[in-house]
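Derivation of every value follows stated rules applied to the coordinates shown; laboratory data play no part. Worth saying up front: this structure is predicted, and the values here are computed from it rather than measured. FYI the Cβ positions are ideal-geometry reconstructions off the backbone, even for glycines, and counts take in every protein chain you see.
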Amino acid sequence: MSMRGGLSRSTAALMALPLAALMIAAFVWPLVAFLSVSLFDPGFTLEHYARLFATELYLEVLGETILTALIVTAVTLLLGYPIAWMMAKLRGRWAWIVAACVLIPLWTPVLVRSYAWIIILQRRGVLNTTLASLGIVDQPLTLLYTFGAVVLAMTHVLMPFMILPIQSSLRAIPEELPRAARGLGASHLRVFTSVILPLSLPGVMAGCLMVFIIALGFYITPALVGGPRTLMISTLITQQAFELLNWPFAASISTVLLVLTLGIAIVFRRLLNVDRLSLHA
Amino acid sequence: MMTPHKNQGGDSAALSIRSLVKRYGSVVATDGVSLDVSAGEFMSLLGPSGSGKTTLLMLLAGFEVADGGEIRMRDRDISRVPPNKRDIGMVFQRYALFPHMSVAQNVAFPLRMRGVAKADREARVRAALETVELTGYLDRMPAQLSGGQQQRVALARAIVFEPGILLMDEPLGALDRKLRKHMQVELKELQGRLGATVIYVTHDQEEALAMSDRVAIINAGRIEQLATPRELYDAPASAFVGDFIGEINLFDAKVEELESGGIKLASGFGPLTGTPVPGATFSRGQKVHVGIRPERIAVRAGAASDGWQAGIRQTIFNGSNVTVYATMQDGQELRATVAPNDREASLARGEAISLSAAPRDVFVFPAGAA
Ligand SMILES: Nc1ncnc2c1ncn2[C@@H]1O[C@H](COP(=O)(O)OP(=O)(O)OP(=O)(O)O)[C@@H](O)[C@H]1O
Ligand SMILES: [Mg+2]
């Protein structure tokens, strides 16, 4: 990034100062304080980490959480890409309608959206009554409190985070590129696979990373829609912190989650070298 | 290497267009265009902004579908053939290189799409890059190239699969003037070497005149005139063409008398004799447009009895010639060019002169058609 507006470096730094101070006071400091709880009890100890890694249940939950996040990421990508593509293509009124459909859920609280899924999926919910009245099922299906319900609701909540970055990288592709590809002999499919898809990869990467990381720490939706049997790592942290009041242990699980998230973010960037793919390399 | 470009069918048309029409809502962007392009010909489409040049090219390439008419390539109707099956190479104004592919991958793209085997592909990519003098740039990314180099890559990519026709939409438009001149010469040379059939869109008349075998002057979706650069200049078919190509003095006059040697006209500054443009018919008393090129107007100092009396308004030195701005008797202004060493070039403001022009240099156009 070059400085455009003629601001000197020091002026810019000065302007960033209030926000930086706020971030340190309200975010970094509590985080460090909280994480240090996991290591000092009261003297330095690795006891909590030892317990975490020695208990099969906790490792299973961790594995389950990662798997859920992966599946949710894959599903949002598969469903979100075509929607992003549509948003990038459409002009005029339909563009607004689709954009509204994507954005309005984003402005609706997660709690509301999760409850909406409960209303739809429960035993006497909208879906079951509809299926029954159509004569498709005799017995109400168990939909709520299943792994499928968790994936479905999380996908719904996280969809905009996938769609928006993909949409913006699709929009950045100059119109004449797919046109040139077509003129040079590419079928529609090959225009997509050799031009559009590769050029939208930065958006795909950004979307996947964002959805995956948010999904790793998801709490409300799995807790509500997944019921007590679905344990995500964040549920575990809440349990330890607020029910069992074992703050050091809760802090150690949080630390593992944070390190995992950071690690994945770094690996993602390294492996896929997002900058190389961008249009203005 | 690139032999299929060569003129194969004698003088058969590489491309013929019949009554092509394209509308965008109420705008008729292509208004009944008919055109034949011979194999190996370099044809330019020249016209003002919004006249429909790009639209015509898009119709030929298949990116737009015509509302009427027919496009034939080597006697095959391609009007409904999708763009990827048309055997047409295209160079875009902003090159449209794929930013995520190297130079070699860009040039190999059309071959890959056609299923050309890898070994053959590499050889042809090399040959094409050699043709545009870009060997050694195989692994560069487009962003690492200058404008001129990008343009050459785009060109190599368009010729590598040896298409029947090359379309270019202002391919030099994004280059600075000096590089543009250089590339004009190179492009023309390359086209000659390959024997390629080229349709070239530009709104730079100098460029069109310098490069083309024939130029189609497009105005409001129609071809005003299709002719060699020389003919366009020496015998413009309409006041529009006369005005668009080179410099011209345009003014109104009235037909006095029709004679075999020319039309006798009355203008605001005196009588004159002109030559009607082919295909137009005139009658006595009709209002017409008259066009005379500045360099075809003879200027003499003093008030001679056989010319149009005028006064010097200004003389402007252009290097190779001097433009004389003359105020005629009715107050209108005519421009004439004289050699810098002529006595008339150094006349002062207000001095009396007389102007004249030979009948064959006085173009008479129907009025209202401009
Ligand atoms: N996709 C489109 N939708 C609506 N109108 C269009 C479209 N493309 C072109 N037109 C109209 O058709 C006419 C011809 O446009 P075209 O782009 O062919 O002009 P041009 O000769 O290439 O001009 P320029 O020299 O500015 O590139 C213009 O009036 C333009 O506004
Ligand atoms: Mg154009």
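Yes/no per residue for (1) touching a Gly at 6+ places or on another chain (Cβ under 7 Å); (2) more than 14 Å from chain A (Cβ to nearest Cβ); (3) part of a loop (DSSP other than H, G, I, E, B); (4) within 16 Å of ligand 1 (Cβ to nearest atom):
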site	(1), (2), (3), (4)
B:E206	no, yes, no, yes
B:A216	no, yes, no, yes
B:F240	no, yes, no, yes
B:E247	no, yes, yes, no
B:L250	yes, yes, no, no
B:V255	yes, yes, no, no
B:A266	no, yes, no, no
B:P271	no, yes, no, no
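Would you pick out the residues in region B:139-168 that are surrounded by 23 or more Cβ atoms within 10 Å (Cβ to Cβ) and more than 14 Å from chain A (Cβ to nearest Cβ)?
B:R152
Applying the selection to region B:252-263, what residues are closer than 16 Å to B:A367 by Cα and surrounded by 18 or more Cβ atoms within 10 Å (Cβ to Cβ)?
Once the filter is applied, which keeps residues that are closer than 16 Å to B:A367 by Cα and surrounded by 18 or more Cβ atoms within 10 Å (Cβ to Cβ), region B:252-263 yields B:A253, B:V255, B:I263.
Determine whether region A:213-223 contains at least one residue that is free of Cβ contacts under 8 Å to residues at least 24 places away in the same chain and either surrounded by fewer than 20 Cβ atoms within 10 Å (Cβ to Cβ) or more than 14 Å from chain B (Cβ to nearest Cβ) (or both). So that I can check it myself, show each step before the final result.
So in region A:213-223, the residues free of Cβ contacts under 8 Å to residues at least 24 places away in the same chain come out as A:219, A:223.
Then keep just the ones that are either surrounded by fewer than 20 Cβ atoms within 10 Å (Cβ to Cβ) or more than 14 Å from chain B (Cβ to nearest Cβ) (or both); that gives A:219, A:223.
Scanning region A:213-223, I find at least one residue that is free of Cβ contacts under 8 Å to residues at least 24 places away in the same chain and either surrounded by fewer than 20 Cβ atoms within 10 Å (Cβ to Cβ) or more than 14 Å from chain B (Cβ to nearest Cβ) (or both), so the answer is yes.
Of all residues in region B:161-180, which are in contact with a strand residue (DSSP E or B) (Cβ under 9 Å, 6 or more places away or on another chain) and without any contact (Cβ under 8 Å) to a residue 40 or more places away in the chain?
Passing the criteria: only B:L172.
Do the conditions hold for B:A39, that is, is it crowded, with 18+ Cβ neighbours inside 10 Å and within 16 Å of ligand 1 (Cβ to nearest atom)?
Spelling it out, it is not the case that B:A39 is crowded, with 18+ Cβ neighbours inside 10 Å and within 16 Å of ligand 1 (Cβ to nearest atom).
Pull up region A:72-104, narrow it to residues that are buried (at least 17 other Cβ atoms within 10 Å of the Cβ) and within 14 Å of A:V157 (Cβ to Cβ), then point me to the one that is farthest from the chain's Cα centre (by Cα).
Here the residue is A:V102.
Of the conditions (1) within 14 Å of chain A (Cβ to nearest Cβ); (2) part of a helix (DSSP H, G or I); (3) of a type outside the set (D, E), B:P171 fails just one. Which one is it?
Among (1) within 14 Å of chain A (Cβ to nearest Cβ); (2) part of a helix (DSSP H, G or I); (3) of a type outside the set (D, E), the lone unmet condition for B:P171 is (2).
If you go through region B:176-204, how many residues are in a loop (DSSP other than H, G, I, E, B) and either under 12 Å from the mean Cα position of the chain (by Cα) or within 16 Å of ligand 1 (Cβ to nearest atom) (or both)?
Residues meeting the conditions: 2.
Within region B:73-122, how many residues are more than 9 Å from every other protein chain (Cβ to nearest Cβ), assigned to a helix (DSSP H, G or I) and either out of contact with any Leu (no Cβ under 6 Å at 6 or more places or on another chain) or in contact (Cβ under 8 Å) with a residue 40 or more places away in the chain (or both)?
9
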